1. Take the Cα of residue 212, step 7 Å along the line toward its Cβ, and report every residue of region 707-740 whose backbone nitrogen sits under 14 Å from that point.
2. Along Cα→Cβ, 7 Å out, is where each label goes; now give me the distance between the ones at residue 813 and residue 468 in nm to one decimal.
3. Rounded, prolate or oblate for region 729-887? Axes are the square roots of the Cα gyration tensor eigenvalues, ordered a ≥ b ≥ c, and the cut-off for rounded is a/c under 1.5.
4. Can you give the alpha-carbon Rg of region 444-523 over 2.2 N^0.38 Å, where N counts its residues?
5. Stretch residue 720-residue 163 to full length: gain in nm at 0.36 nm per residue minus the Cα-Cα span?
6. Leaving out ligands, DNA and RNA, and with a 1.4 Å probe, what % of the accessible surface on region 730-887 is carbon or sulfur?
7. What number comes out for accessible area per residue over region 349-396 if the probe is 1.4 Å? Units Å², please.
8. Express in whole angstrom the spacing between the alpha-carbon centres of region 310-345 and region 393-459.
Amino acid sequence: MNAARGRHILMQRTARAAPLPRRAAFMLTAALVTALAACSGGGSVNIANSQRGDPATVDFPIFYVKHTVPKNAAGVVQQDDLRVLRDAVPSADLFMRATASPSATETNITARLTAGASWDVKDVDTSADGTKVAFAMRGPLAMNQDPKMPPSWRIYEYVIATNNLHAVINPATDPDPLTVNDVSPHYLPDGRILFSSTRQTQSKGILLDEGKPQFEAQDEDRNESAFVLEVMNADGTGVHQISFNQSHDRDATVLANGRVLWSRWDHAPGKDAMHLYSANPDGTDLELYYGANSHMTGTNNTVVEFVQPRQMQDGRTLALIRQYTGVDFGGNLVIIDGVHYAENTQPLAANSSLTGPAQTPATTNPVRTIPGPSPGGRFNSGYPLQDGTSRILVSWSQCRLIDNTQTPPAIVPCTSNALAQPNVQAAPPLYSVWMFDPVQNTLMPLMSPVEGIMVTDVAVAQPHPLPAVILDKVPGVDLDQNLVNAGVGVIDIRSVYDIDGVDTANPNIPTVADSAKTPPGTRTARFIRLEKAVSIPDRTIVNLSAAAFGASDYMLEIMGYAPIEPDGSVHIEVPANVAFRVSVLDANARRIGSPQGVWLQVKPGEVLKCNGCHTPASAQRPISHGRAGLFASAWAGAAVAGVPFPHTIAAGPGAFIPQAGETMGEARMRVSCANDNPPCKQMVPGVNVTYTDVWTDPAQATPGAPINYRYDDATQFMTAIPTSAVCVTAWAANCRIVINYPRHIQALWDLSRPAVVGGMVVDHTCSQAGCHNPTNAAGAAQTPAGNLDLTNSASTDVPQEFTSYRQLLFPHNTVIMGAPGPSVGPYLNAGSANGGLSAQFLNRFATGSGSTHAGWLSPAELRLLSEWVDIGAQYFNNPFDPAVPVN
């Protein structure tokens, strides 16, 4: 594998309209004209006459939330933020109308709970049979309510026929504390309820397995607890977690095929966007659905996020696109062909002749997704009807401006002339309920807007066909019981040399896999590393200083290593119910190129299948991966059953004879599971980096040399090991390699290293006086060797970090004759041990390098340095370490 290509493991799984003519706007009724004195002008919005009732009527109840427009003390609208789910916007109530008609009677559903107090309500959804409504509610709220303090968001249900309103999870029997938040409910076709929650039910159990206290992990901005997907029975029992993202999973819905679709905040290192993901209702087979590389599709090609997905009757997906914040609670509605596309211009392989676009605006009106006035107004939410008309019930606000030339300032329409004036200022939004017809491009009002009130979160209790029911997989039936008992799943990669469906091995995968043609020591990809996100607690639990993270703004643990088979395949166990990523390594256990860039997960017993690797997306090459059917596999595996791979052991207990189509990894692990004791032991990763050639037949080719980078080899490793002694000898799902710079890396610089050179004993201790130390052997000041101070003194720029850490990873001034000299450093590239600076630094210690430092660090010590640099060169990777810097 060519490191210069900067690729990483993909989760590209193996398989399983023209603009419409605009209609002339109708005149509004006199009453509506009065209420909407500031409607958009210039014919920019087609508004149908509210007296033409039949086209708007839906003979089923509609639901919506009425909010007070939130403003600060100065009267400025307080903007929402898609990245903040816990915030409250008081006060609000849920309302119902018996039909979608302007004349229908309005009923306050939640007044029985909220009367006389301030509550908030959001995330309204209805059951497929149209009999029930689920929503999130929080209250009573205090003035200037702290969003992090109780009361918390809870899921409520309203039964239409019986007028019954109740909390789904009885507060008196809820096993979780009152601080947990539940939002965004949706009915599954089997009657259970899917929702987003900070309960993190299974994740908290994993924390206990890791020897940590239970807590709500924060999102990767460390702003609030991460909301992940959970499922509960209709009566609120049986709550369990199905997604393990490190930031928010929100706005879940169910597609007609039974799969769950939601908006994921993909905030893994180097990423920050919301796009659409899907999975089975039990959390298995999680994959990207749409939009990871379609974010630059907003106004003037600006960035947008994809939220509130709902499938339309024709199979396409309605979604709201908008920026995170600053857009008055709304954006534009787009209709996405997610059946044939994974991105706006990237179809699935079966639809390769299609060119897109996959997403089209629902309206031709000029709706802007950037801050400032939007001539076409803005949508807050949309709920597709299921009556064959393609209509959408929407919450929509017209465009209005504040005219500061009048005294007092007045609200005026967004006419062309008004929008052309300098320093135009949008008026507060005026969302209300409308019936939108995307075919005719008309909006018909269903109520008169009220100043200071915004109507949001619309839904229709219209019966529609029940989505397919996908049953949860059953251990011992659908899932391997042994894997379930061990708390692991399996990751199966056909070949890491498969790049975007192309065989990039040199010259090809069959040649590289053949030891007679490619000596094992010359293969590029040698090991795979499993890297796990570290959950960060709230500041009230541990108030971490920025110094705790150091060069990176995140923490990572390593769960284990395994060798990559000669054909580039991998078939190994991985811990279940955690967010992890994988990296492909060379023979020095250093990452090749970039890490696989999104958080993966497996449920206990699940087998996650992948074709291979991919190059990271860029502006020049915005290709997405991680969805079934995007690429064909470049490696067919064994051509026929029963025939050994070329020049491999053909008989005896060490033979791995493939079945047709199997990779080397699949063949090896099938045989291991059938013959080894314990079964499948060759599927188990380890904390040591070891390789033994189990393939090459020595009678036909030269086997590869063993590789052993071991923490438990006292001849190579004499400092504290970053894992437990138990994990060194017997790997399990809770094993972790946790590297903290002061304990594990600084120890390398301070370790006494006597050596015999030319018959004399010399000291190669890195941080000793006279070497990488600001004093010489006599105690006088000196310039440290190489202008690199490796002592554990407090840094002058960040006193909570050692001088050695800062000088290795950040530029610093030299000192010449007591005065500041030129800036030097850094010496390492945080996040890449094979990066130019890192490689230069690490290779100075390699035996045979010719460097004056050659052999001063053992291969196992260099492995420790390499893995620490690769995962981000953090100062600490354990937020609960007694020495971790805190505020």
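The values are calculated or read from the model by the stated rules, or taken from the named source; none is laboratory data. Just so it is clear, the structure is predicted and the values come from calculations on it, not from any experiment. Cβ sites come from the backbone with ideal geometry, for glycine too, and all protein chains shown count toward neighbours. What goes into the accessible areas is simple: the full protein's heavy atoms, side chains included, and nothing from ligands, DNA or RNA. Shrake-Rupley method; radii C 1.70, N 1.55, O 1.52, S 1.80 Å.
1. 734-740
2. Between residue 813 and residue 468, the label points sit 6.8 nm apart.
3. Note, shape of region 729-887 comes out oblate.
4. Relative to the rule-of-thumb radius for its length, region 444-523 sits at 2.39.
5. 194.1 nm
6. Details: 3980 of 6710 Å².
So the carbon and sulfur contribution to the accessible surface is 59 percent.
7. Heavy-atom SASA per residue in region 349-396 reads 34 Å².
8. For region 310-345 versus region 393-459, the Cα centre distance is 21 Å.
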